[in-house]
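What follows is a single structure, written as structure tokens, with notes after it.
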Amino acid sequence: MTATTSDWNDYAVLVQMPHMAPGEKLSEVEFLKVLAAFQWESIARALGRRPPELVNAQNERLYGSVIDVEVHLGEKHSMEVLGEDVNIRVRNRVRFFAKKFVEGLFVIDDQDIPTSALAPIATRKDLQQSRGSWACMTNAFIARSGSNVKLKVFKPVGADECQRYEISETPLGIVEQGRVMRTGEIEALAGDAPGAITLAPRNGEPIRYAIVPESDLNGASLVYFARYEAMMNYGERVFLSDHLDRPFSSELISYLSTDHRKAYFFGNAAPNDVVEIRVEARVLPPGSFADAPSGGAYRTPLKFLFRIDLYRGSDKVLMASSLVRKSLNVPGSAKGVLAEVERFLRQAAT
């Protein structure tokens, strides 16, 4: 059915220290948790039930397993701009598919979002053509079936009465997640450019991450989707600092800031398992992007492109794949990092 502007829910979050990452910027991982909570609330409102009351016909508790997520920060935003004490406004709209899946669209700003601005946005493709900040998330209603690796999709009670929120076309997130699983190929992010510098590791060994139940599991005892991104960030840091012949400094790595991420999720893992992280990295050539984020206090001498795949250590099953572009947003006071960038570019040119 056709969406209307009245279907958009209105949320806000005031960024404080628990939402932030080193470098005095908004944490992508914590922000993804906030977006997921907003979407689950929107789903509950559509079904006319509170989140703990979302169950299947057998009265089993259902959870919103994330199939894919895409986050894009527009021209006037960066994780630094959306930093401490900023009141981030979020408008979110959900649609059900086959009564077992949900597609959610998010419009994001640090100013009030007028309802009139939502009228042109009906699909994910409409968001992708926007110059603003936005996100998309696709969920499946799942219940645990004995373990974290056995999850089953169900129709929630109340879904049959939600025709207003039904769509007939398969959500793009489901289509793309299936394609990535079959082919391993992720559509390139806007801004990718020829001539990028490939960062070749010393060897092809994966980076290993032991799951930490106290931080990686959610209330359903599942590895939470936002923690997959945390593992990816961990893999990037170890790759850049320990797996290159010419490593980057910890300070430089701390200034990396997500511009655009596509992530697809395929499986979960037991709390005592290990995740194997495989990282591919490239550096965009200088001059192929704008040289500063909004705010004026930072320089952006480099942008990085990462392709990350997570595998379950116990059986080598693919858990998730992501493509992410990150800006190196360096404050003017970090003279040592700017000098490090200059050395890297000179060495890469030889």
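Things to note:
- The lone criterion from (1) of a type in the set (Phe, Trp, Tyr); (2) closer than 21 Å to Phe248 by Cα; (3) modelled with pLDDT of 95 or more left unmet by Tyr298 is number (3).
- Members of the stretch 336-350 found to be under 15 Å from Ile197 (Cα atoms) and either among the aliphatic types (A, V, I, L, M) or buried (at least 17 other Cβ atoms within 10 Å of the Cβ) (or both), listed by number: Val341, Phe344, Leu345, Ala348, Ala349
- Flag if Glu185 is outside any helix (DSSP H, G or I) and at pLDDT 95 or above: yes
- Given (1) without any contact (Cβ under 8 Å) to a residue 40 or more places away in the chain; (2) within 20 Å of Val279 (Cα to Cα), index of the condition Val212 fails: (2)
- Of the listed requirements (1) at pLDDT 95 or above; (2) surrounded by fewer than 21 Cβ atoms within 10 Å (Cβ to Cβ), Leu256 misses just one: (2).
Per-residue answers, yes or no, for (1) modelled with pLDDT of 95 or more; (2) in a helix (DSSP H, G or I):
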{"residue": "Pro156", "(1), (2)": "no, no"}
{"residue": "Glu169", "(1), (2)": "no, no"}
{"residue": "Glu176", "(1), (2)": "yes, yes"}
{"residue": "Pro194", "(1), (2)": "no, no"}
{"residue": "Arg202", "(1), (2)": "no, no"}
{"residue": "Arg208", "(1), (2)": "yes, no"}
{"residue": "Ala220", "(1), (2)": "no, no"}
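- Verdict on Ser333 being surrounded by fewer than 19 Cβ atoms within 10 Å (Cβ to Cβ), closer than 13 Å to Asp259 by Cβ and at pLDDT below 95: no
- Only one of the listed residues (Leu35, Leu54, Leu47, Leu105) is in contact with a Leu (Cβ under 7 Å, 6 or more places away or on another chain), among the aliphatic types (A, V, I, L, M) and modelled with pLDDT of 95 or more. That residue is Leu105.
- Within the stretch 122-138, residues that are within 14 Å of Leu35 (Cβ to Cβ) reach partners that are assigned to a loop (DSSP other than H, G, I, E, B) and among the small types (Gly, Ala, Ser) with beta carbons closer than 9 Å, at six or more positions or on different chains, in the pairs Ser133/Gly74; Trp134/Gly74.
- Filtering the stretch 57-72 to residues that are among the hydrophobic types (A, V, I, L, M, F, W, C) and modelled with pLDDT of 95 or more leaves Val66, Ile67, Val69, Val71.
- Restricting attention to the stretch 126-137 and to residues that are under 17 Å from the mean Cα position of the chain (by Cα) and in a helix (DSSP H, G or I), the residue that is modelled with the highest pLDDT turns out to be Leu127.
- Qualifying residue in the stretch 242-249 (condition: under 26 Å from Val180 (Cα atoms) and buried (at least 21 other Cβ atoms within 10 Å of the Cβ)): no
The values are calculated or read from the model by the stated rules, or taken from the named source; none is laboratory data. Only a predicted model underlies this, so the values are computations on that prediction, with no experimental measurement involved. Here Cβ is always computed from backbone atoms with ideal geometry, including for glycine, and neighbour counts include all displayed protein chains.
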